[in-house]
Amino acid sequence: MRDTTQEQLHRLRSLRTAAGLTIEELAVRSGVSARTIGGIERHRIRRPHQGTLRALGAALGLDGADAGQLRVTGGQVAGVTGLPGVTAHFTGRRDDLAWLARQLRRRPAVQLIGLPGAGKTALAVQAATDLAERFPDGVRFLGPVADATAATIARRVLSPTHAAAHGSDAAAIGAYRDLLRDRRILVLLDDVRDDRQIGPLLPADALGVTLITGRHPLTDLPVTDRRLVPPLPAADARTALAAMVGGTAPTSAVATLAAGCGGLPLALRVTANRLLTRPQWSAQWLIDRLARPERVLDALVAGDLSVRDAFERTYAGLPERARRAVLLLTRPIGPAPAEAGLLDLAERGWVTAGREHRYEPHPLVRAFARVAAGT
């Protein structure tokens, strides 16, 4: 059974964004034109040349058997067995990686949640790469899962030669559960939306482990099996941005720009891209825009990477009371009742909960609230 067109067109893009690359950066790294990459991702190019896919696989850090999985099957980009390459200039996250190392040893499923652009996928890929030797039966990466059903996810993990992959939904889900029960495998499911996609796929007695990233907490998982991925601390944000720009901006400017990004890895990546691809624009020009709440989101766009777009996609999926709470963030918030939806935002990393029901939004969240409120 073939995946839907919507799933197919996301395959290459999911690997690229997991590696923290814009289309233009992948084009430079692979030697494939940005127009061709965009055409594959948008499913306008249905039969890319095998040499093109090999070049893209190598640029994304896929090697050996994994590189062979980025291929054409029936005119579509096939599923990927291995992981995308780890994000260049991955910085910090020692506590998060240590937590994942512990949890993935003793729990059947764990989830990473956090702000849009907080680096959940990059962290998950880094952890899976570091821990791959624990899973002799392999590592599977699927993403973005988006709106795929449990049965579709199961079919994408099962071997195409497995009879259940072409059978009923119940047969596919049953075979997937058997796979997790019997094999020491790590399945990384990226951008999961809700419990209905995952609940049927998690047997309690599994040898295999599932690592999930998502915008919203899965209620079927215990709170202790979920981890909020915060923005990078100031020192790590400066280190990451300095590595990305490679000495093309003064140290003091890098520190100011990193602070303006609020430690959000996506914002840091966009900022680095703008500095590297537009050398005629001074770092001070960008610093000035990041300092203006009404302009900061307009400045954080590079190619198809956009902090505002990432927030808008996640905002659309928030519970109604949480969306109403976002509109309150345009002004300082005093004590506020939990039913205002601010707790929903806190568990997703949009605000930090303090004492006496006080909540402090991330600076880029406050800037987005102005957009959402139309102010």
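The values are calculated or read from the model by the stated rules, or taken from the named source; none is laboratory data. Please read all numbers here as calculations on a predicted model, not as lab measurements. With ideal geometry, Cβ positions are generated from the backbone for all residues, glycine too; neighbour counts draw on all protein chains shown. SASA here: full protein model, heavy atoms, side chains in, ligands and nucleic acids out. Shrake-Rupley method; radii C 1.70, N 1.55, O 1.52, S 1.80 Å.
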By the Cα gyration tensor axes a ≥ b ≥ c (a/c under 1.5 gives rounded; else a/b larger than b/c gives prolate, otherwise oblate), the shape of segment 112-183 is oblate
The ³J(HN,Hα) series, computed from each phi in segment 24-41 with the Karplus coefficients 6.51, -1.76 and 1.60 at θ = phi - 60°, rounded to the nearest Hz and given as x for glycine or proline, is 5, 5, 5, 4, 5, 5, 9, x, 8, 5, 4, 5, 5, 4, x, x, 5, 5
Rg/Rh over Cα atoms for segment 107-236, Kirkwood Rh, comes to 0.97
Placing each pseudo-label 7 Å from Cα in the direction of the beta carbon, Ala353 and Arg196 end up separated by a distance in nanometres of 2.7
Phi angles of segment 190-199, converted by Karplus (6.51 cos²θ - 1.76 cosθ + 1.60, θ = phi - 60°) into ³J(HN,Hα) in whole Hz with x for Gly and Pro, give 9, 6, 6, 9, 7, 4, 4, 6, 10, x
Residues whose built amide H sits under 5 Å from the amide H of Arg226, excluding neighbours closer than 5 in sequence, are Gln111
Lys and Arg at +1, Asp and Glu at -1: neighbours of Arg215 with Cβ under 9 Å from its Cβ sum to +3
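What is the local net charge at Asp137, summed over the other residues whose Cβ is closer than 9 Å to its Cβ (Lys, Arg +1; Asp, Glu -1)?
Numbers: positive: Arg183, Arg184; negative: Asp182.
Residues near Asp137 contribute +1 overall.
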For segment 203-288, the percent of accessible surface on carbon and sulfur atoms (probe 1.4 angstrom, ligands and nucleic acids excluded) is 60
